[in-house]
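Everything on this sheet refers to the single structure shown next.
The values are calculated or read from the model by the stated rules, or taken from the named source; none is laboratory data. Keep in mind that what you see is a predicted model, and the values were worked out from it rather than measured. Reconstructed Cβ throughout: ideal geometry from the backbone, glycine too, with neighbour counts over all protein chains shown.
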Amino acid sequence: MRGVGPAIAIAFAIACAGTRALEADRAYQQGLARVDRIDVRAFRERPVSVHVNVYGQLPDTCTELGRSRQERLGSGIEVTLTTRSESGPGCAEEPRPFERRILLDVAGLPPGLYVVKVNGVSGSFQIFEDPETREMDRLRTW
């Protein structure tokens, strides 16, 4: 009976590792999310934060939202929102609405007007100059 405890622990570890391997081996299709509209919200607190609420449709019951990726391009930010779907015959072609909130990386952006695109759907936001920061910068130059 002494060796039973470690044997069970080893069997459990092997079974769990096998489950993770099966999950990783599944065939998933990558795609882009269908975005219907976006709502951009800029908050004036310091540091400035900008959120984009993304609204769209998933094409079937097997498709789920994937990751989002951001890229700064001049005065714009391009966001790519991906999907992934499991291949298989059990997917009902039922469009399902989704909503995803994305925090934009606006650290270091100077005051100005910016355009954000999520999978081709555009919106804009403005970063205003902070009078306190401007006053502090002026005082530092003396």
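Scanning the stretch 49-71 for residues that are within 13 Å of the chain's Cα centre (by Cα) and either at positive phi or charged (D, E, K, R) (or both) yields a count of 4.
Out of the stretch 102-118, which residues are surrounded by 12 or more Cβ atoms within 10 Å (Cβ to Cβ) and not β-branched (Val, Ile, Thr)? Step through it out loud before you land on a result.
Going through the stretch 102-118, the residues surrounded by 12 or more Cβ atoms within 10 Å (Cβ to Cβ) turn out to be 102, 104-106, 109, 111, 114-118.
Those that are surrounded by 12 or more Cβ atoms within 10 Å (Cβ to Cβ) and not β-branched (Val, Ile, Thr): Leu104, Asp105, Leu109, Pro111, Tyr114, Lys117.
How many residues are part of a loop (DSSP other than H, G, I, E, B) and within 16 Å of Ile38 (Cβ to Cβ) when one looks only at the stretch 51-81? Talk me through it step by step, then tell me what you get.
Let us first name the residues in the stretch 51-81 that are part of a loop (DSSP other than H, G, I, E, B), namely 59-62, 74-75.
Now drop any that are not within 16 Å of Ile38 (Cβ to Cβ), which leaves none.
The number of residues fulfilling the criteria is 0.
When we screen Arg37, Arg84, Arg46 for residues that are closer than 30 Å to Phe128 by Cβ and either of a type in the set (S, T, N, Q) or part of a strand (DSSP E or B) (or both), the only hit is Arg37.
Table: residues versus (1) polar (S, T, N, Q); (2) under 30 Å from Tyr28 (Cβ atoms); (3) touching a Leu at 6+ places or on another chain (Cβ under 8 Å); (4) at pLDDT 90 or above.
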residue: Thr82; (1), (2), (3), (4): yes, yes, yes, yes
residue: Ile102; (1), (2), (3), (4): no, yes, yes, yes
residue: Pro110; (1), (2), (3), (4): no, no, no, yes
residue: Val118; (1), (2), (3), (4): no, yes, yes, yes
residue: Asp130; (1), (2), (3), (4): no, no, no, no
residue: Arg134; (1), (2), (3), (4): no, no, no, no
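If you scan the stretch 69-82, which residues turn out to be surrounded by 17 or more Cβ atoms within 10 Å (Cβ to Cβ) and more than 22 Å from Gln126 (Cβ to Cβ)?
Pass one, the stretch 69-82, residues surrounded by 17 or more Cβ atoms within 10 Å (Cβ to Cβ): 77, 79, 81.
Leu81 - this is the single residue of the stretch 69-82 that is surrounded by 17 or more Cβ atoms within 10 Å (Cβ to Cβ) and more than 22 Å from Gln126 (Cβ to Cβ).
Within the stretch 87-97, track down each residue that is out of contact with any Asp or Glu (no Cβ under 7 Å at 6 or more places or on another chain) and assigned to a loop (DSSP other than H, G, I, E, B). Hits for the stretch 87-97 are Ser87, Gly88, Pro89, Gly90, Pro95.
Against the numbered list (1) among the acidic types (Asp, Glu); (2) closer than 30 Å to Gln126 by Cβ; (3) at pLDDT below 95; (4) in contact with a strand residue (DSSP E or B) (Cβ under 9 Å, 6 or more places away or on another chain), Asp60 comes up short only at (2). Could you tell me whether Gly3 is among the small types (Gly, Ala, Ser) and modelled with pLDDT of 90 or more? Here the answer is no, as Gly3 does not meet what is asked. Being modelled with pLDDT of 80 or more and acidic (Asp, Glu) is not true of Asp25.
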